[in-house]
Amino acid sequence: MPLDFTAIDFETANNSAASACSVGLVKVRDGRVVDTAGWYIRPPLGHDWFSEWNTRIHGIEEADVADAALWIDQMPDLMAFAEDDALVAHNAGFDMGVIKAACTASFIDIPSYRYACTLQLARKTYNLDSYRLPVAAMAAGFEDFRHHDAIADAEACAAIMIHAAKRHGASDVDELAGLAGIRVNSIGTLAAAAASA
């Protein structure tokens, strides 16, 4: 099995997990980045206000997403890009929480994905003072990127995963998780099936 996955990163408009306003996606095939994508998202109604704090972090304002499609209309594009890949994110609980909350707020089913967390992976791979994305990415040789730009963050996340796989001698996501001592979790019906098993 080759090292195939899709790295994902969301920025949110406010403190609601449903308020995704930007997504970055990076497709990795056989340990190499082969495609990137990203776009603005208009958050679901009721979650569509922009906090000054969040805007200060990522620079996205309400006017930037005014002409963007709603989450419900963009979910098919996200799924088409990710295909059946395992998703990888830094602090993946946050990004998977965004998918779950935005789908719930949009009254659509939560898609089924397996996922791994590069924050957990970095803690098991590197000896750092901080495991924040810029620091962990630097340890993986990925430097000087625009932190809190969704595509750049997804690229940094992919770089950590690829570097860690080489360091651990792993050929795929599951083997890497096993060697590093982290879990591959799931959302959607996969998570429901695992919970009832």
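The values are calculated or read from the model by the stated rules, or taken from the named source; none is laboratory data. This structure is a prediction, so every number in the text was calculated from the model and none was measured. Quick reminder, even Gly has a Cβ in these numbers, built from the backbone with ideal geometry, and neighbours come from all protein chains shown.
For this structure, a couple of remarks:
- In this structure, Gly181 qualifies as touching a helix residue (DSSP H, G or I) at 6+ places or on another chain (Cβ under 6 Å) and more than 25 Å from Ala37 (Cα to Cα).
- Pairs meeting the criteria (first residue in the range 1-19 and modelled with pLDDT under 95, second residue in a loop (DSSP other than H, G, I, E, B), beta carbons under 9 Å, at least 6 apart or on different chains) are Met1/Ser171; Met1/Asp172; Pro2/Asp30; Pro2/Gly31; Pro2/Ser171; Pro2/Asp172.
- If only residues of the range 109-145 that are touching a residue at least 12 places away in the same chain (Cβ under 8 Å) and of a type in the set (Gly, Ala, Ser) are counted, the one that is nearest to Leu25 (Cα to Cα) is Ala116.
- Among residues of the range 117-133, those that are assigned to a helix (DSSP H, G or I) and surrounded by 19 or more Cβ atoms within 10 Å (Cβ to Cβ), counted: 7
- Given (1) of a type outside the set (D, E, K, R); (2) in contact with a Gly (Cβ under 9 Å, 6 or more places away or on another chain); (3) crowded, with 20+ Cβ neighbours inside 10 Å; (4) in contact (Cβ under 8 Å) with a residue 40 or more places away in the chain, number of the condition His148 does not satisfy: (3)
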